[in-house]
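A.B. asks: Input: one structure, supplied below.
What follows draws every value from the coordinates through simple rules; no lab data is involved. Keep in mind that this is a model prediction, so the values were computed, not measured.
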Amino acid sequence: EGASSAAAAAASDRRGDARLLLRDGDGRHMLVWHAAIEAPSTRGEAGSEAPPPPPPLERLRLFCTRRPAPVWAVVLCRGGHFAAAVYTLPSSAASEESLKPLAHRCFHRYVTRRKAGGRQSVADASKSIKSAGSSIRRHNEAMLAKEVRDLISSWLPTHLAQAALIWVHAPGPANTALLFGGQGPLRKADPRVRGVPFTTQRPTLGETSRVVLQLSRTELLEPQEAAELQRAPQAEDAPRRAALEREAEAAASAAARQLGEERRGAAEAEA
C-alpha cells in the first residue's frame, strides 16, 4: 500500500512464485502478490503483440496510485458454500470490519455426502445411488447452480463490468463447471479472472474481505528477512542437486558393473 518511485529500482521477478520480492530505490524490500499487479494480457488487439509490461515495481506504483481506486470482485465456491462480493479497494490500511462491499451474496446448500464424503454429482458419475439423501442432494445441487449462475449473470453488466479483477477460488471439477462450464457465467479467457493464490477458508462474506485485504497489501520486510528469502531458492535447490548427483553416481556404478560382468562373460567364453 505504498512504494517509492520506480527510478533506480531493482526487482526480483520470479514468475514461479506467488509473491514477488521487490526492492525500491531506497533499498527497502517488500513482498507483493504477483497476480495482483500482473499485466492483464500479453496480447494486443487483433492478435498483434502487445507492448511489454512495465517492470514489477513500476506496476506496483501504478497500482498504489490509481485513481479512482479499482474495484475487485471475489467469488468463492466450495462444498455447497458460495460467497461473492464486490469491493472498492481501500486507499489506506483497513481491517476486515471496516471494508464495506458494494454488493454481496452468500448461499449454502446441502450437497456433500456426510459419511462417504464428496459431492453427490461426483458419486453419481461412478455408480447409481437411489436414496432419499441422494435425491435431496441432487435437488440442492441443481438449486445451488441456478442461484449462483443467476446471481453472477445479473452482476455481469453491472458490478462485474466495473471490476478490474475477478478473483475466483472454486476447487474441484463440480465447482469449476458451475462457474466456467457450458452454462457457467464466467470465462477463463477473461484476462481479469485470477485464481486466489493462497488457501481460503469456508466461503463467507468475511472470507471475501480477507482475500481482498491480503491481496491488496504490501508487506515491508526487514533487511534480514529479505536476505533469507533471497537465499531460500539456493537452499531449496541444494538437496535437489545432491539427489540428482546421487542418482547419476548410482547409474554410473550400475553401468560399470554391467560392463564388467559382460567382459568377464566374454573372457570365460573364449577360455
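A.B. asks: Note the full-extension length gain between Glu225 and Cys64 as 0.36 nm times their separation in residues minus their Cα-Cα distance, in nm to one decimal.
C.D. replies: Details: separation 161, 0.36 × 161 = 57.96 nm, distance 2.33 nm.
Extra length from Glu225 to Cys64 when fully extended: 55.6 nm.
A.B. asks: Here's a follow-up. With θ set to phi - 60°, apply the Karplus curve 6.51 cos²θ - 1.76 cosθ + 1.60 along the range 172-189 and write out the HN-Hα couplings as whole Hz, x wherever there is a Gly or Pro.
C.D. replies: x, x, 5, 5, 5, 5, 4, 9, 10, x, x, 9, x, x, 9, 10, 5, 6
A.B. asks: Amide H to amide H under 5 Å from Gly79: which residues, 5+ apart in sequence or cross-chain, H placed 1.01 Å off N in plane?
C.D. replies: For Gly79, no residues qualify.
A.B. asks: Apply the Karplus curve 6.51 cos²θ - 1.76 cosθ + 1.60, θ = phi - 60°, to the phi angles in the range 140-150 and return the couplings in whole Hz, x for Gly and Pro.
C.D. replies: Using θ = phi - 60°, the values come out as 5, 4, 5, 5, 4, 4, 5, 4, 5, 5, 5 Hz.
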